Amino acid sequence: MNGNMKARPVIAARNLKKYFGGFAAVDDISFDVPKGICFGMLGPNGAGKTSTIRMIYGFSPISAGTLFVFGQDIQTRVRQIKARIGVCQQENTLDPDLTVMQNFEVFARYFNLNARTARERAMDLLRFFALEQRRSARATELSGGMVRRLMIARALINEPELLILDEPTTGLDPQSRHQLWERLESLKRQGMTILLTTHYMDEAARLCDDLLIMDRGKILARGSPQALISAHTGENIIEVAEPDDALREFARRSGARQEDLGHRLLIYAENGHELYRDLCGRFRHDTCVLRSATLEDVFLQLTGRELRE
Amino acid sequence: MKEGISWRFLSVWRRNLSVYGESWKVNFMPPLLEPLFYLLAFGVGFSGLISGVRYAGVEVSYPRFIAPALVAINIMNNAFFENTYGSFVRMYYQKTFDAMMATPLNAAEIITGEIVWGATKSLIGTVIMLTVISVFGLASYPTALLMVPAAFLGGFAFGSLAMIFTGMVKTIELFNLPVFLFITPMFLFGGTFFPTENLPLWAQHVASVLPLTHLVNLSRALAFGRFGGEALAGLGYLAVFCAVMYPLALYRMRRRLIK
């Protein structure tokens, strides 16, 4: 990777916009995704994540700005770009009338792959995703976790250089999520560029080298998970359950930044350990917790806590 | 984004063929049994009531009169139902088109593949029905063979029309409307079970602009061994109908698919 710093980005978006009628779903965003990383897009419902990635995989025309994928303009080279991308959409788009193997064969034809290549690659992918036992099963007979794995496996049939995953683990049980994460990490090690959207901060923290936090069509922050935590919340957070007025007053005088949620008080203290000891000494220590800040803290701080529905 | 249509649309067509192949035994049943039922009901059950029908100046038996119309109705139904209910299920419930849109395929190719598939189902149905009515001696060869390509043209016409509705309806139940307003009246009054000349003049005019009337005329001419002006008029009408409806179908569906 050394000396590769100026390599052409896989995705280059400049002042990208997407309008639906008068509503700006994506409102003037610019970002690059370098080759070989896992890039995350986080944001509440309606933030513009799916609209953005749909433009990247040529599903939605862009409204304004420029978008280059593999150095090619999406507006003139969309077919060539789509041939080099693998997409796993949010919803189950498998063919329910077909078997697992037939799903690969049918999908491979959309990429003009011949039947033999399709079957060979499908067998490799089925092994990789631990689905080989189910290759003759109907797509409707698969569990939720298997459906997801098959969707991703199918998205790899054209040996894409960029894999796009729209909420790949939503609705999966913990075992399935972890299994999927391991596969994605393995793909990343093989040099695949991955773009994913997710609502799960632990997923983003584990998989993403770099990420965007979006809301209302705009980019709020960008960086690695650790850098975002350092920049926005600091390393530690003291969380106090049911704080009383005396504790609130004490916390205010400490000078640390805080967020009062009523039944819960969050203190973003740079000298967290010291303040925590102080707090525990003066007040009931069983209601105070000192914990590491997470991406979720950053996310909630940037996008707010009100419901988006 | 201006989209051209490449031969890739055939991969969409082949997808539907793969699914059709999974249950071909069931799929073969309707075109095999339907003409048998109709011929039994109208040919045997009705024969006491109707001696024959005057068609093109000659008296023909009632089964011989309706047999080519049954083929035409089957062409209409196969394509129309495939590209309304069938395509809608793939688009809306199964998200098949969404998956395709993430591949090098574009919307125009997806829609073309769907319409060509609908026309193919019309063609398959026609081959089966033609075999059945030929067994009963109700088709004259070699012109009757031309019913096979005619089925594809007719299927393409009705499939394009169906796709326009698919591009517009919000829910699948709304297809009842075009079925009730277009398909059923055509089925009854398109020169199928009695000559359109039996209708009042105004209704004859209405019938003369409906596509099934022309498909029935074409089918009947070919089944009677008469490849002449009537057959050519039917072909010409269907070709123009396709030339208008197919671009409209592409337009409506692109608006629906491209978000």
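Worth pointing out:
- Computed over chain A, relative contact order equals 20 percent, with contacts defined as Cα pairs under 8 Å that lie 6+ residues apart.
- For region A:61-147, the C-alpha radius of gyration sits at 1.31 times the compact-globule guess of 2.2 N^0.38 Å, with N the residue count.
- 16 Å Cα-Cα reach of B:LYS170 towards lysines, excluding residues that sit fewer than 8 places from it in its own chain: B:LYS95, B:LYS259
- Folded to 0 to 90 degrees: helix A:144-155 orientation relative to chain A principal axis, Cα: 60
- For region B:33-173, alpha-carbon Rg and Dmax in angstrom: 18.4, 60
- Listed residue (B:ASN74, A:LEU163, A:VAL26) projecting farthest to the positive dipole end of the protein assembly as shown, Cβ model: B:ASN74
- Once you reduce region A:26-53 and region B:1-52 to the center of their Cα atoms, the two points are 47 Å from each other.
- Gain on full stretching of the segment that runs from B:VAL206 to B:VAL135 - 0.36 nm per residue minus C-alpha separation: 22.1 nm
- Whole-number Å³ per residue for the convex hull built on Cα positions in chain B: 134
- The angle separating the long axis of helix A:272-282 from the principal Cα axis of greatest extent in chain A is about 40 degrees.
- Here the protein assembly as shown yields Rg over Rh of 1.14, to two decimals, using C-alpha coordinates and the Kirkwood radius.
- Shape box of chain A [Cα atoms, principal axes, largest first, Å]: 73, 45, 45
- Tail beyond 21 Å, pair distance distribution of region A:160-309 (Cα, percent): 54
- Region B:179-244: proportion of alpha-carbon pairs further apart than 13 angstrom, %: 63
- Distance between region A:210-250 and region B:64-121 - C-alpha centres, whole angstrom: 53
- Cα gyration tensor shape of region A:235-292, rounded if a/c is under 1.5, else prolate or oblate by comparing a/b with b/c: rounded
- Relative to the longest principal axis of the Cα atoms of chain B, the long axis of helix B:107-135 lies at roughly 20 degrees.
Since every read-out is calculated from the coordinates, none of them should be taken as a lab result. None of these values were measured; they are calculated from a predicted model. Ideal geometry is used to build each Cβ from the backbone, glycine not excepted, and the neighbour counts take in all protein chains shown.
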